[in-house]
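Worksheet for the structure shown next.
The values are calculated or read from the model by the stated rules, or taken from the named source; none is laboratory data. Quick caveat: nothing in here was measured; it's all calculated off a predicted structure. Reconstructed Cβ throughout: ideal geometry from the backbone, glycine too, with neighbour counts over all protein chains shown.
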Amino acid sequence: MTATHESHPHPNYLAVFAALVVLTGISVSSEYFLGAGAAHAVNVLVAVCKAVLVAMFFMHLKYDWFKVYFMVVPTLIVGVVLVLTLMPDATFSLYRNLLDVPPPIVGE
């Protein structure tokens, strides 16, 4: 019985680390150079880039993306369906006026 292992080159971990350090610097300095709204948008983009770098190189998902695809996509579909299903309850409950009910009559 022979076990086969898919061979792939090892990434340059120091280059990935340097990219993560640069992205962290961008995230920290964005508060000083940009307004609050723009800094939050930049920080979200930087966080997504850092998560992709960590997932691709340190978790080795760059080479196993086909397997991960079948776990991530159905989860996203279920999440969207769940949000769309619960949206009417969340929006229509804002328009119910529960104060229209008269108070109970106590002690006549």
Out of the residues in segment 43-73 that are modelled with pLDDT of 85 or more and loosely packed, with under 12 Cβ neighbours inside 10 Å, which is farthest from residue 17 (Cα to Cα)? 73
Testing residue 90 on (1) modelled with pLDDT under 90; (2) part of a helix (DSSP H, G or I); (3) touching a helix residue (DSSP H, G or I) at 6+ places or on another chain (Cβ under 6 Å); (4) not charged (D, E, K, R), one condition comes back false. Which one is that? (3)
Answer with yes or no whether residue 52 is part of a helix (DSSP H, G or I), among the β-branched types (Val, Ile, Thr) and in contact with a Leu (Cβ under 7 Å, 6 or more places away or on another chain). no
